[in-house]
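The values are calculated or read from the model by the stated rules, or taken from the named source; none is laboratory data. These numbers come from a predicted model, not from an experiment. Cβ atoms come from the backbone with ideal geometry, glycine included; neighbour counts cover every protein chain shown. What goes into the accessible areas is simple: the full protein's heavy atoms, side chains included, and nothing from ligands, DNA or RNA. Shrake-Rupley method; radii C 1.70, N 1.55, O 1.52, S 1.80 Å.
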Amino acid sequence: MMQALYFFPVCLIQMGKNPYIWLFEYLFYSGPKRIFIFCYWLSLFSLMTLIVLIIKAQIKADKNFLKDNKLAKIRKIFHLLILIVFLLGFLYDRSLLLLCSFGMLILLLILETVRYFKIEPIGTLVQEFLEIFLDEKDTNSSLILSHIYLLVGLSFPFWFSDAKKFNIAELSGFITVGIGDSFAAIIGSKFGKHKLPGSNKSVEGTAAMVLSQLIFYLILFKIGLVDLTNNWNMCFVALNLVLSGYIESFTIDNDNLILPVVIYPFLNLIK
């Protein structure tokens with residue numbers, strides 16, 4: 001309540017306008033493209049909610065429904081849907097993506113606070129929604145942060161970049177988490193037979209991560225967004241591939257956040 005009392009007058013003074021009216025006009029009176037993107041995002045959110053309800057019904061009928069690597073695959077489906085959200089915003093309206101990513105971060109932090117302190121009636125609903133997708137990294141703490149780490153990992157490169165000028169560093173979260181980590185999980189869970197020394201990750205999964213990212217860099221080169229004929233750029237790309245593969249394979253922390261944070265400064269060096 002105190003934050004709301006502070007937020008409203010400050011925005012009113014700075015903007016000279018009611019911030020809630022400004023937000024409504026920004027979303028719905030800035031042309032049909034922005035309305036389409038926003039409605040498309042809402043439809044994806046509805047699809048995610050429907051998937052969760054179906055999964056909950058399946059778990060109720062069969063307690064072993066999420067065994068045999070199904071959980072990892074389902075988590076990557078959500079990764080894919082979130083990537084579609086970010087890709088659409090990145091291609092067509094970066095300022096809208098920037099605003100909505102900040103707004104979503106605030107919303108998720110509020111929901112996690114409500115869940116942690118069990119503030120009813122929402123706290124129990126949020127707990128039931130999130131506990132379906134918990135893995136070993138979430139169960140080590142009373143906080144559930146994987147989804148927040150994913151959002152920050154994908155968003156922070158946009159927060160620190162110029163929305164009017166393309167920089168490949170903006171895609172550090174998309175490349176490492178969206179493409180590399182997703183392929184590593186899918187291929188590793190399906191075909192992973194050989195474990196890396198000192199890790200529970202497979203050689204096949206790590207190879208898929210490196211190869212999928214390399215293919216994406218080549219696509220960027222083909223469409224003229226990155227110059228791989230520059231020797232330094234090639235060195236930085238190779239370094240990023242090695243670092244991301246190593247971190248994904250051996251980190252015990254949440255790689256949704258660690259991967260983009262580590263790779264971002266190196267991608268900034270690519271001209």
Among (1) of a type in the set (D, E); (2) farther than 28 Å from L143 by Cα; (3) open to solvent by 50 Å² or more (accessible area, probe 1.4 Å) - the single one D253 does not satisfy: (2)
Output the number of residues of the stretch 74-101 satisfying the condition of being within 13 Å of the chain's Cα centre (by Cα) and open to solvent by 40 Å² or more (accessible area, probe 1.4 Å). 6
Is it the case that I106 is under 28 Å from I175 (Cβ atoms), part of a helix (DSSP H, G or I), modelled with pLDDT of 85 or more and open to solvent by 90 Å² or more (accessible area, probe 1.4 Å)? yes
The number of residues in the stretch 211-262 that are part of a helix (DSSP H, G or I), aliphatic (A, V, I, L, M) and over 11 Å from G180 (Cα atoms) is 14
State all residues of the stretch 196-206 that are open to solvent by 10 Å² or more (accessible area, probe 1.4 Å) and part of a helix (DSSP H, G or I); if no residue qualifies, say none. V203, E204, T206
Among the numbered conditions (1) surrounded by fewer than 18 Cβ atoms within 10 Å (Cβ to Cβ); (2) modelled with pLDDT of 90 or more; (3) touching an Asp or Glu at 6+ places or on another chain (Cβ under 6 Å), tell me where M209 comes up short. (1)
On the given criteria, is L71 at pLDDT 75 or above and assigned to a helix (DSSP H, G or I)? no
